Amino acid sequence: MLDYPRGLPPQELGFERIIYTKAEGRATVTINRPEVYNCFNFQTLSEMARAFLDASWDDEVGVLVLTGAGDKAFCTGADLDEQEKFLARPHDYWKWMGAFIDAHDRLRNIGKPTIARVNGMAVGGGNEFQMACDLAIAADHAIFRQVGTARGSVPAGGATQWLPIIIGDRRAREMLLLCEEIEASKALEWGLINQVVPAAQLDAAVNIMTAKLLERMPNILRYTKQQVNFWRDLSWNMTVGHARDWLSVDADSAEVAEGLAAFHQKRKVNYSAIRQARIDAGEDEF
C-alpha cells in the first residue's frame, strides 16, 4: 500500500518567520514579523507555502486561518528592505516572485476553507493574501490599501485581477490608482470582507466561523471551493506569469528606485522629477 504524505507536528517544520499551530480541526498560520508590520520576505513566503502544503495533507485539519502577529498589521506586503536589493540584482526578483506565486497557489488550492483573520493593516500583498482566503473577518480598526502606483510596484496578478471580481471595476480602480486607505466598515460595505467586529471580539468571531465550517461536509466543501475559485484562477493563471517576467525586468527601474528611496528616507516620492525625467528622455530620443 502506498504511504501517502500526512501532516507533520508543527514543531518539526522548524519555521522562523511564521507561527504554525494545529488543534481541534483548525490550522493557523501567523506571519510573525510584527516589528516590520508582518511584511513578507522570501523566507516568509517559503514557510507559508510549506505550512499550507502541510495543512492540505493533514486529514485532521478542516479549516485554515491566516493572520498576523500583534494587533497593528495583518500583513503589509513585500519587505522593502529585501526589495531594495533587487535594484542591484533584478533577476533575483523573478525568484522572489516564484515564492510569492507558490504561496498563493498552495493557499488557494489547499482543498479546505480558509479564513483571513485581519487584525490590522492589510496593505499591498497583504491585501492580496486576505483576498486569496475564502472568507475574511476584520477587527474594526483594520484598514485595506493598495500602494503600488504610489510606491513603484504594479500589483499585478492578485489585486489587479481579483479586486474587480470581488468589489467591482470602479471600486477596484479607486483602490489601485489612488492608493487610499479603505476602512474596515467601507471594506465590509464593498464586499471585500465578510464581517467586522471590535478587536476584542475578533478571535471569538473567527472561532464561531471555524466551528460552522467544521460542521460541513469536507469533500463537498472542497469541490464547492474549487468551483467558486474558477474566475479567480482563470484571471490569475492568465496573467501572473507575464506579471512575474515584467516585474522582474522593471525591478531596477527609476520609478522603483525612487519609490524605495522615498520609503527608506521617510520622505514623499518626487513624482514631478519622475515625470520630468520621462519628458527629458523623450526629447533626447526624438
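The values are calculated or read from the model by the stated rules, or taken from the named source; none is laboratory data. Note that the structure is a prediction, hence the values are computed from the model and not measured. FYI the Cβ positions are ideal-geometry reconstructions off the backbone, even for glycines, and counts take in every protein chain you see.
For I137, are the conditions met, namely being crowded, with 21+ Cβ neighbours inside 10 Å, of a type in the set (V, I, T) and at negative phi? Yes; evaluated as a whole, the condition is true for this residue. When the residues of the range 196-230 are filtered to those that are among the polar types (S, T, N, Q) and surrounded by fewer than 17 Cβ atoms within 10 Å (Cβ to Cβ), which remaining residue is nearest to the chain's Cα centre (by Cα)? The residue in question is N229. Here A257 clears all of (1) farther than 26 Å from N119 by Cα; (2) assigned by TED's automatic domain parsing to the domain that holds L135 except the condition numbered (2).
Tell me, which helices (runs of 4 or more DSSP H) lie completely within the range 122-176 with 3 or more residues that are modelled with pLDDT of 95 or more?
Ranges flagged: 125-132, 159-167.
Every residue, every condition in (1) closer than 29 Å to G62 by Cα; (2) outside the structural domain of A243 (by TED's automatic domain parsing); (3) out of contact with any strand residue (DSSP E or B) (no Cβ under 8 Å at 6 or more places or on another chain); (4) in contact (Cβ under 8 Å) with a residue 12 or more places away in the chain, yes or no:
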| residue | (1), (2), (3), (4) |
| --- | --- |
| K85 | no, no, yes, no |
| R106 | yes, no, yes, yes |
| I110 | yes, no, no, yes |
| A132 | yes, no, no, yes |
| G158 | yes, no, yes, yes |
| R170 | no, no, yes, no |
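Residues in the range 78-134 that are farther than 19 Å from V154 by Cβ and among the β-branched types (V, I, T) were compared, and the one that is farthest from the chain's Cα centre (by Cα) is I110.
So which residues in the range 52-73 are of a type in the set (V, I, T) and not in a strand (DSSP E or B)? Scanning the range 52-73 gives a single hit, V61.
Looking at the range 270-286, is at least one residue in contact (Cβ under 8 Å) with a residue 60 or more places away in the chain and surrounded by 10 or more Cβ atoms within 10 Å (Cβ to Cβ)? Quick ask: steps written out before the conclusion?
Initially, the range 270-286 is screened for residues in contact (Cβ under 8 Å) with a residue 60 or more places away in the chain, giving none.
Within the range 270-286 (the criterion being in contact (Cβ under 8 Å) with a residue 60 or more places away in the chain and surrounded by 10 or more Cβ atoms within 10 Å (Cβ to Cβ)), the answer is no, since none of the residues qualifies.
Restricting the first member to the range 42-60 and to residues that are under 21 Å from G126 (Cα atoms) and of a type in the set (G, A, S), and the second to residues that are in a helix (DSSP H, G or I) and modelled with pLDDT of 95 or more, the beta-carbon pairs closer than 6 Å and six or more apart or on different chains are S46/A99; A49/D102; A49/A103; A49/R106. Residues of the range 143-166 include none that is out of contact with any Leu (no Cβ under 6 Å at 6 or more places or on another chain) and closer than 14 Å to F40 by Cα.
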